[in-house]
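Note sheet for the following structure.
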Amino acid sequence: MDKNAFIQHCQQQILEVYQRTKAGEPDDAFKHRTEGCIHAAQLLGFISQLQAKEMIESAHQQVFGETVQHRLERKEKLNAIKKQSPEKYYEIPAVERKP
């Protein structure tokens, strides 16, 4: 497998991880294998750490429609509401509560 094919494989794996998560079927083993592929690409000098972060951010944006940071902040906010007042949490439309 050449450099570009390996990078493309990594990108496809990242998309698959996020698509499974979005579908409510996260697969930790698959996620860890994908992380290993990305790490291997970095060790082989195919991509830099910055390029890896950009690949991850791009795939996340493509699947979830928001940045990784924005999604984390939104989920933390929802969890805080849920802990403080479960009633208020369930007043929020389910579409907005979906992780």
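Identify all residues within the stretch 7-26 that are surrounded by 16 or more Cβ atoms within 10 Å (Cβ to Cβ) and over 29 Å from Lys75 (Cβ atoms); write none if there are none.
Ile7
Look at the stretch 33-57 and say how many of its residues are open to solvent by 70 Å² or more (accessible area, probe 1.4 Å) and closer than 13 Å to Val17 by Cβ.
Going through the stretch 33-57 one residue at a time, the tally reaches 2.
Yes or no: His70 open to solvent by 70 Å² or more (accessible area, probe 1.4 Å), under 16 Å from His9 (Cα atoms) and of a type outside the set (Ser, Thr, Tyr)?
So His70 does not fit the description; no.
The values are calculated or read from the model by the stated rules, or taken from the named source; none is laboratory data. Quantities reported herein were computed from a predicted structural model and do not represent experimental measurements. For neighbour counting, all protein chains shown are included, and Cβ atoms are generated from backbone atoms with ideal geometry for every residue, glycine included. Areas reflect the complete protein model, heavy atoms only, side chains present, ligands, DNA and RNA absent. Shrake-Rupley method; radii C 1.70, N 1.55, O 1.52, S 1.80 Å.
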